[in-house]
Amino acid sequence: MNGLSPALVPPLLGWYDQGHRDLPWRTLPTPYRVWISEIMLQQTRVEAVRRYFDGWMDALPDIRALAEAEESVYMKLWEGLGYYNRVRNLHRAAVVLCQEYGGQLPADYDKLLSLPGIGEYTAGAIASIAYGIPVPAVDGNVLRVAARLDNDFTPITDARYKKQTRERFAAWMPADRPGDLNQALMELGATICLPNGAPRCGDCPLQHLCLGYHHKNASSLPLRAAKKARRIENRTVLLVRCGTLVGLRQRPSAGLLAGLWELPSLDGHLSPEETRSALAGLGWQLRRMLSLRPARHIFTHVEWHMNGYYIELDNQPEPLTFVSPPALRATYALPSAFRAFLNVIEEEL
DNA sequence: AAGACGGGGAT
DNA sequence: ATCCCAGTCTT
């Protein structure tokens, strides 16, 4: 009954070796593939990343290809995956790697940490998995496993808890198979030591070491700080056509969904009359206008409540960009928030 | 230390 | 409707 201690290494690796998930980036763990997978996996479930990883590798097979890629290319490859600063940072880091590291990821924790988009977790993951360097990789899974092993009621949202957990692992991180140990801890968190009060302790290889299990607290750990309420934004979304073309707008280069393309919209929930009036003031020449079914989209900190209109125009007013459906599909990255409205013309896309 | 930053699948 | 995910960066 040791909690988080080196005693967990043999049973955990034994369990991991007995069978683990077959993931594309595990098959061939080159530094580049590990890096891309780890960035994609930040705050993102394995099953979501599965749908993107091979497509990315086919289009951008190495660091130099990424460094030389156009923004529209890597944004489109990331479309729908979220947290779009991740892909901008990937590109920035690739340029740095080509300029300063000969197009290779450095086999050094601190150098990795200095690259854009690579923090404590990701530096540890790349160093240990791709290079066999004995450093911890403490993510949300590991924090949950640690809190339960130790029967620790410190909120894992506390930055000090993460730092302390990382240091405790670092103190005894084995030189043998550090990457597999880190992956096994995360695998345990993702498949056995589940969140939301649902751990499968009966199947856990560390049950005999787990203080949380011993004290019957596994399902009530870990503690987390309460979340803040989301603010609600009302929008009027416009699905604009001019002939066969669709009117798009590019979002600002900073903030929510930075740089992505979107359906144009107006602030607030506007009636058809209010919308006609607002658009006439902008010089839009409306030929036809139909109401669309309202939709909503939930982000982490914001909720968009959207009503919508399908509009046919006789002109192509600024600042819209009018694109054909095939060009939209191939080149323009749009967030998922507009899916309900785009489905209206789905058969053409 | 706290907030911004996506999207989706499980409960 | 809530939780939370193989987190990082900015303020």
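Within the stretch A:107-163, the residues that satisfy the criterion of being surrounded by 15 or more Cβ atoms within 10 Å (Cβ to Cβ) and either of a type in the set (F, W, Y) or free of Cβ contacts under 8 Å to residues at least 12 places away in the same chain (or both) are A:Y109, A:K111, A:L113, A:Y121, A:Y131, A:Y161.
Screening the candidates A:A198, A:A175 for the property of being of a type in the set (A, V, I, L, M, F, W, C), assigned by TED's automatic domain parsing to the domain that holds A:P10 and either within 12 Å of DNA strand C (Cβ to nearest atom) or buried (at least 17 other Cβ atoms within 10 Å of the Cβ) (or both) yields one hit, A:A198. For the stretch A:203-211, check the following and say yes or no: at least one residue is of a type in the set (D, E, K, R), more than 10 Å from DNA strand C (Cβ to nearest atom) and either under 18 Å from A:W15 (Cβ atoms) or touching a strand residue (DSSP E or B) at 6+ places or on another chain (Cβ under 8 Å) (or both). Yes: one or more hits. Mind checking which residues of the stretch A:9-31 are part of a helix (DSSP H, G or I) and more than 25 Å from A:W172 (Cα to Cα)? A:P24, A:W25, A:T27 - these are the residues of the stretch A:9-31 that are part of a helix (DSSP H, G or I) and more than 25 Å from A:W172 (Cα to Cα). Please state which one of A:D139, A:D158 is of a type in the set (D, E) and within 9 Å of DNA strand C (Cβ to nearest atom). Going through A:D139, A:D158 in turn, just one is of a type in the set (D, E) and within 9 Å of DNA strand C (Cβ to nearest atom): A:D139.
For the stretch A:97-155, the set of residues classified as part of a loop (DSSP other than H, G, I, E, B), within 16 Å of DNA strand B (Cβ to nearest atom) and touching a Gly at 6+ places or on another chain (Cβ under 9 Å) consists of A:V138, A:D139, listed by residue number.
Going through (1) in contact with a helix residue (DSSP H, G or I) (Cβ under 7 Å, 6 or more places away or on another chain); (2) of a type in the set (A, V, I, L, M, F, W, C); (3) over 23 Å from A:V46 (Cα atoms) one by one, A:M186 falls short only on (3). Of the residues making up the stretch A:265-283, just one is over 38 Å from the mean Cα position of the chain (by Cα) and among the aliphatic types (A, V, I, L, M), namely A:A280. Answer yes or no as to whether A:V73 is in contact with a Pro (Cβ under 8 Å, 6 or more places away or on another chain), assigned by TED's automatic domain parsing to the domain that holds A:P199 and surrounded by fewer than 21 Cβ atoms within 10 Å (Cβ to Cβ). It is false that A:V73 is in contact with a Pro (Cβ under 8 Å, 6 or more places away or on another chain), assigned by TED's automatic domain parsing to the domain that holds A:P199 and surrounded by fewer than 21 Cβ atoms within 10 Å (Cβ to Cβ).
Under the condition of being touching a residue at least 40 places away in the same chain (Cβ under 8 Å) and assigned to a helix (DSSP H, G or I), the residues counted in the stretch A:34-58 number 7.
The values are calculated or read from the model by the stated rules, or taken from the named source; none is laboratory data. This is a predicted model, so every value here is computed, not measured. Here the Cβ is made from the backbone with ideal geometry for all residues, glycine too, and neighbour counts use every protein chain on show.
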